[in-house]
Amino acid sequence: MSELSLKEQLSNAVKDAMRNKDKTRLVTLRMAQAAIKQIEIDERRELNDDDVLKVLDKMLKQRRDSASQYDNAGRKELGDIERAEMAIIEEFMPVALTEDELDELIREAISSVDAKGMQDMGSVMGALRPQVVGRVDMGHLGKKVRAALGA
């Protein structure tokens, strides 16, 4: 049997959450499905696993930002809700890269695009993006690339 697509995995998880009456999980997974469906309607195409990962990655970033803002505003209970949603979404993401793996990918990308300095940051990030989507926070990646390019 072939491996299930991310959309199929999400759909199965929604059914499980309904059966288990897990409201937080159900709401979070339905939000993800709605975001995916909206893009499919807007772009009139079926999303593949890479596209779905980008949607989930964006949802994670939004929740990370929201949790941070809630924490800074002294609203820990709202930050906890965001973190709970992040944990659910992260179940569908590929395994995160270690710092060593990330450093190696950055070295390879800099070498492959023959980057000389900060003016080549866009090319380096473009080379890295397909390899790291969903596996690393892009803000963190940007800082590491900037440091590697000597900025």
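Per-structure values
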| read-out | value |
| --- | --- |
| Filter result for Arg19 (out of contact with any strand residue (DSSP E or B) (no Cβ under 9 Å at 6 or more places or on another chain), surrounded by fewer than 13 Cβ atoms within 10 Å (Cβ to Cβ) and either of a type in the set (D, E, K, R) or within 18 Å of Glu91 (Cα to Cα) (or both)) | yes |
| Segments classed as helices (runs of 4 or more DSSP H), wholly inside the stretch 35-119, with at least 1 members that are at pLDDT 90 or above and aromatic (Phe, Trp, Tyr) | 49-72 |
| Residue within the stretch 18-31 that is among the basic types (Lys, Arg), out of contact with any His (no Cβ under 8 Å at 6 or more places or on another chain) and closer than 26 Å to Leu128 by Cα present | no |
| Residue in the stretch 24-36 that is among the small types (Gly, Ala, Ser) and either without any contact (Cβ under 8 Å) to a residue 12 or more places away in the chain or not assigned by TED's automatic domain parsing to the domain that holds Asp80 (or both) present | yes |
| For Met86: the one exception among (1) closer than 20 Å to Met31 by Cα; (2) out of contact with any Leu (no Cβ under 9 Å at 6 or more places or on another chain) | (2) |
| Residue within the stretch 121-128 that is closer than 27 Å to Asp22 by Cα and not hydrophobic (A, V, I, L, M, F, W, C) present | no |
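The values are calculated or read from the model by the stated rules, or taken from the named source; none is laboratory data. Worth saying up front: this structure is predicted, and the values here are computed from it rather than measured. A quick note on method: Cβ atoms are made from the backbone with ideal geometry, for glycine too, and the neighbour counts reach across all protein chains shown.
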